[in-house]
Each structure stands twice: as structure tokens, then as C-alpha cells.
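> My questions will all concern the structure given below.
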Amino acid sequence: MGVSHAPSPDLTAPDGATPAARSIVALSGGVGGARFLRGTLSALRAGALPGVAADASVTVVANTADDWWIHGLKVCPDLDTVMYTLGGGIDVERGWGRDGETWATSEELAAYGAGPEWFGLGDRDIATHLVRTQMVEAGYPLSAVTAALCRRWEPDVELLPMTDDRVETHIAIADPEEASGRRTVHFQEYWVRMRAQVPAEAVVVVGLDRATPAPGVLEALAGADLVMLPPSNPVVSVGTILGVPGLREALREGPAPVVGVSPIIGASHVHGMARQLLDSLGVEVSAGAVARHYGARAAGGVLDGWLVADTDADQVAGVEAAGIACAAVPLLMSDDAATGRMAAAATELVLR
């Protein structure tokens, strides 16, 4: 049975003015999502987002399907990247991990032959994982642990994991030595060790079908005035968030317009591996195809609006024909100011 699209809310104030949005929810992956959020917050607090109050609250629902356990530690790459980026502790050049990082522990582990050597844990970063692991093993849910960690970093958002349940992404790759002709590797091995250079045959998200949204996620969507999909991976970042049972339906039925930013410029991604994973789904690698993959909310998808790069302006008509408002603007996040202009274009598209 299809999910009906909730009627648009009456946003007209008695004096004819449209009240400014006061609650934003963003569904985010790691590096790309975090950079978009940093620029969005900068523009927001400067009062530069059309239709949005400068003191609007922001809730970020982060992907946790990239999480894994290594050396007895629970590592949550996307949660940490958002937390460090918005809290001022990120290594800006890499886009992930801590600033001023050292690697003595990883070097000692390598000397012991305690792999995997391809996944390094920085000494400062390990402190975060130690605190998280101790709290998880003491019985605290991931959402409570994340809130405790954020009390140090003060990221100016409420940061929520998509679920408190264990969910892990695995990538199926060809392997002629296996009877089936292929094997699966953890997402981190595919991304970090293989650098996504091996064609992905399928994406397998273990535990996703049994997961439930973390506390606060559905409530945030139900109370939002605007939902944003940053330029995160549509398959293993935003895609896995939307795959949590009940979350896609909440997004469709919620009162807020949903606007996304394309992670694809031209025929490839700017950062990450969206191209490889879109190929595994048989989705054309283009900004327009990703919009149609998400689908129009009025037709059972999740989008009301979509930004494509100015160099992809020829795809605007196709996106609009699918029932999604669309605009072409510069999408390279060269600095916070440029990113803030992207966010402003997104809000203007659906809140005008």
C-alpha cells in the first residue's frame, strides 16, 4: 500500500506574511554532509537563509551503518565526523579525524602485528572511541552516548544516530576463488583498504530491516519546518538512513518540505564512492538520475526540491518533469561562504 503525501501545512500568518522556519532536520553522512552542515550553520546564524529564522534549531540524523568494531572499540565514523566538524575539532585538510593527531598507538599495534594496518586510529580519536565503548558496554544506547560526547564539543545541533541498533554495511565484490564467485567485505575495508577501486556488485546492509529509529528521530521529523538532504552518498549514507523502517514514511508524511543537494557533478561524485555504488544499483550516475532515485514526495518518494550544479543545468527540466522543483547553482563547497550560498539556494527553492 502506498503512503499518501500529507497535505501542505498552512504557513500563512494572519498578516499575510510567511513565518520563518524554526526547525531544520538534516539527514547526513560523513565528510560531505558535515561540510555542508558547517556552511549551512554559518549562513543560518548570519540570517542568510531565506525563509529560515536565524535562531532556528537544527537536528542532524547521522548514518551509523558505516560503524564497526576494531581493537575492541566501537567506531562511528559519520557521527564523529559531524561532531568534530561542527565542534571545531576536525582535521580540516583530511575532512575526517582529529586535528593535531598523532599515531603512536597505531604504530605500536603495527609493531605487534595486530592488524588491520590499513585502518589507523589516531591517539586523540581513540579517546572518543574508548569513552563510547565503555558507555555502550555499560548499557547506554548509542543515542545517549552521542549526547554525552556532544556535551564536550557543543556542535550547535542536536546530533542523533539514525538508530541505536547495530547496523553494518557490507559490499559484495567479485572473487573467482569463492564458490559463489563473490564475497562480501565490510564497508570500511572496501572504502579504506580497497579505496573503492574494485567494482561493487551489491550493497548488503546487515540488520537494517530490524532496526528502529533512535529516540528523537521521528519526533524531529514530525516537528520540522524544513528537511535537508546534504550531498552525502545516496546509497550508503542517506540511503541507509532512509532504509531504517518507519523513517522514510515519517519523512513522506511529515509537514516539512524536503530539499536535497546533488552529490554528483557531471558524471561522477565530488568525494567518496557514490559513482561505484550507484552503478551497483543500476542507477545512472548523474544529478538528475539521483533525484529520480529518491523520487518526488508527491509520487511516493522523498523530495520536494533538488539542487544540481550549474554545469548540470541541462538536467533541471528532467528533474522537474519527475515532479521535483529544481535549480542549478554552483555546488563546490570550496569554503563555508560558498557552502552557505548553496544552502540559501536550497531553502529559497522550497520555502519561497
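The values are calculated or read from the model by the stated rules, or taken from the named source; none is laboratory data. A quick note: this is a predicted structure, and the numbers were derived from the prediction, not measured. Note that we place each Cβ from the backbone using ideal geometry, even for glycine, and neighbour counts take in every protein chain shown.
> For the range 153-170, what are the residues that are over 16 Å from residue 62 (Cβ atoms) and touching a residue at least 40 places away in the same chain (Cβ under 8 Å)?
Residues of the range 153-170 over 16 Å from residue 62 (Cβ atoms): 154, 170.
Of everything in the range 153-170, just one residue is over 16 Å from residue 62 (Cβ atoms) and touching a residue at least 40 places away in the same chain (Cβ under 8 Å), namely 154.
> So residue 89 passes all but one of these: (1) within 15 Å of residue 33 (Cα to Cα); (2) out of contact with any Pro (no Cβ under 8 Å at 6 or more places or on another chain). Which condition number does it fail?
Result: residue 89 fails condition (1) only.
> For residue 342, are the conditions met, namely being assigned by TED's automatic domain parsing to the domain that holds residue 44, crowded, with 22+ Cβ neighbours inside 10 Å and not in a helix (DSSP H, G or I)? Even if it seems obvious, please write down each step before you answer.
On the way: assigned by TED's automatic domain parsing to the domain that holds residue 44: yes; crowded, with 22+ Cβ neighbours inside 10 Å: yes; not in a helix (DSSP H, G or I): no.
No.
> Report, by residue number, each residue of the range 299-314 that is buried (at least 18 other Cβ atoms within 10 Å of the Cβ), among the aliphatic types (A, V, I, L, M) and out of contact with any Phe, Trp or Tyr (no Cβ under 7 Å at 6 or more places or on another chain).
Taking the range 299-314 first, the residues buried (at least 18 other Cβ atoms within 10 Å of the Cβ) are 301-309, 312.
This time we only want the ones that are among the aliphatic types (A, V, I, L, M), so: 302-303, 307-309.
Within the range 299-314, 307, 308, 309 qualify.
> Take the range 46-98 and flag every residue that is under 19 Å from the mean Cα position of the chain (by Cα) and acidic (Asp, Glu).
Scanning the range 46-98 gives 66, 67, 78, 80, 91.
> Considering only residues that are modelled with pLDDT under 95 and either of a type in the set (Gly, Ala, Ser) or more than 27 Å from residue 266 (Cβ to Cβ) (or both), which ones fall in the range 216-236?
Listed by number, the list holds a single entry, 232.
> Can you give me the number of residues within the range 80-130 that are of a type in the set (Gly, Ala, Ser), surrounded by fewer than 11 Cβ atoms within 10 Å (Cβ to Cβ) and assigned to a helix (DSSP H, G or I)? Give the steps one after another, and end with the answer.
First, pick out the residues of the range 80-130 that are of a type in the set (Gly, Ala, Ser): 87-89, 95, 97, 100, 104, 106, 110-111, 113-115, 120, 122, 127.
Now narrow it down to the ones that are surrounded by fewer than 11 Cβ atoms within 10 Å (Cβ to Cβ): 100, 104, 111, 113.
This time we only want the ones that are assigned to a helix (DSSP H, G or I), so: 104, 111.
Within the range 80-130, residues that are of a type in the set (Gly, Ala, Ser), surrounded by fewer than 11 Cβ atoms within 10 Å (Cβ to Cβ) and assigned to a helix (DSSP H, G or I) number 2.
> On to the next question. Test of understanding: among 43, 17, 6, which residue is at pLDDT 95 or above, surrounded by fewer than 24 Cβ atoms within 10 Å (Cβ to Cβ) and more than 13 Å from the chain's Cα centre (by Cα)?
Values: 17 fails: at pLDDT 95 or above; 6 fails: at pLDDT 95 or above.
Within the list 43, 17, 6, the selection yields 43.
> Which pairs have Cβ atoms under 8 Å, sit 6 or more apart or on different chains, and link a residue in the range 303-320 that is more than 16 Å from residue 342 (Cα to Cα) to one that is of a type outside the set (A, V, I, L, M, F, W, C) and part of a helix (DSSP H, G or I)?
303/294; 303/297; 304/297; 315/288; 318/288; 318/292; 319/288; 319/292
> With in the same structural domain as residue 232 (by TED's automatic domain parsing), closer than 23 Å to residue 249 by Cα and surrounded by fewer than 20 Cβ atoms within 10 Å (Cβ to Cβ) as the only criterion, which of 327, 317, 289 stands out?
Working: 327 fails: closer than 23 Å to residue 249 by Cα; 317 fails: closer than 23 Å to residue 249 by Cα.
Result: 289 is the single residue among 327, 317, 289 that is in the same structural domain as residue 232 (by TED's automatic domain parsing), closer than 23 Å to residue 249 by Cα and surrounded by fewer than 20 Cβ atoms within 10 Å (Cβ to Cβ).
> Take residue 310 and decide whether it is within 18 Å of residue 286 (Cα to Cα) and of a type in the set (Asp, Glu).
The answer is yes for residue 310.
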